[in-house]
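Values in this text are rule-based calculations from the coordinates and carry no lab data. Bear in mind that the values here come from a model prediction, so they are computed numbers and not experimental data. FYI the Cβ positions are ideal-geometry reconstructions off the backbone, even for glycines, and counts take in every protein chain you see.
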Amino acid sequence: MSSVVLPSVTGDFGTKPQLAFPPAAAPEGLHVVVLREGSGDPVQPGHEIEVDYLGQTWGGHVFDNSYDRGQPLAFPIGVGMVIGGWDDGLVGQRVGSRLLLSIPPEHGYGPRGVPQAGIGGGDTLVFVVDILDAR
């Protein structure tokens, strides 16, 4: 059985991360790695959470990040308001955590992608997410 190889991440919680991708193809399925375990309460479905994040296609370009804007994103989690990979990957994680998510297309933007953001149909998405708050 082969182990899954995910990108490496540099940078500390609260700062814009950098990703280095392995030469391997994107893995199947949703993968969530806790890079830094927070000490806050676990995120529950229905909470409004506030996060900083960087989103990049597997081995490709950064399509969005909140660090450059200096404005975290707040949204309800676990209720279908964001891509499935975020609902599935962020619920249960603790406030103050930094996470790496590898999100396959079926948990991301599917076969259509988001062409205006440079996300192709079938692209695997990789996010680094800092959970700042949950209420």
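Take each of the peptides 54-63, 70-79, average the number of other beta-carbon atoms within 10 Å over its residues, and list them starting from the highest.
Going by the mean number of other Cβ atoms within 10 Å, highest first, we get 54-63, 70-79.
Note down the Stokes-Einstein diffusion coefficient of the chain in µm²/s, whole number, using a Kirkwood radius over alpha carbon pairs, 10 °C, and 1.306 mPa s.
In µm²/s, the coefficient is 107.
Report, by chain and number, residues whose modeled amide H sits under 5 Å from the one on Phe63, excluding near sequence neighbours (fewer than 5 apart, same chain).
Excluding prolines and chain starts, which carry no amide H, the hits are Gly55, Gln56, Thr57.
Mind ordering 98-109, 21-32 by average Cβ neighbours within 10 Å, highest first?
Highest mean packing first, the order is 98-109, 21-32.
Work through the residues other than Gly78 whose Cβ is under 13 Å from its Cβ and net out their charges, Lys, Arg +1 and Asp, Glu -1. Could you put the intermediate results ahead of the total?
Numbers: positive: none; negative: Glu48, Asp87, Asp88.
For residues surrounding Gly78, the net value is -3.
Which one of Val5, Pro76, Gly38 has its Cα pushed farthest toward the positive end of the charge dipole of the chain, where Lys and Arg give +1 and Asp and Glu give -1 at the Cβ?
In the chain, that residue is Val5.
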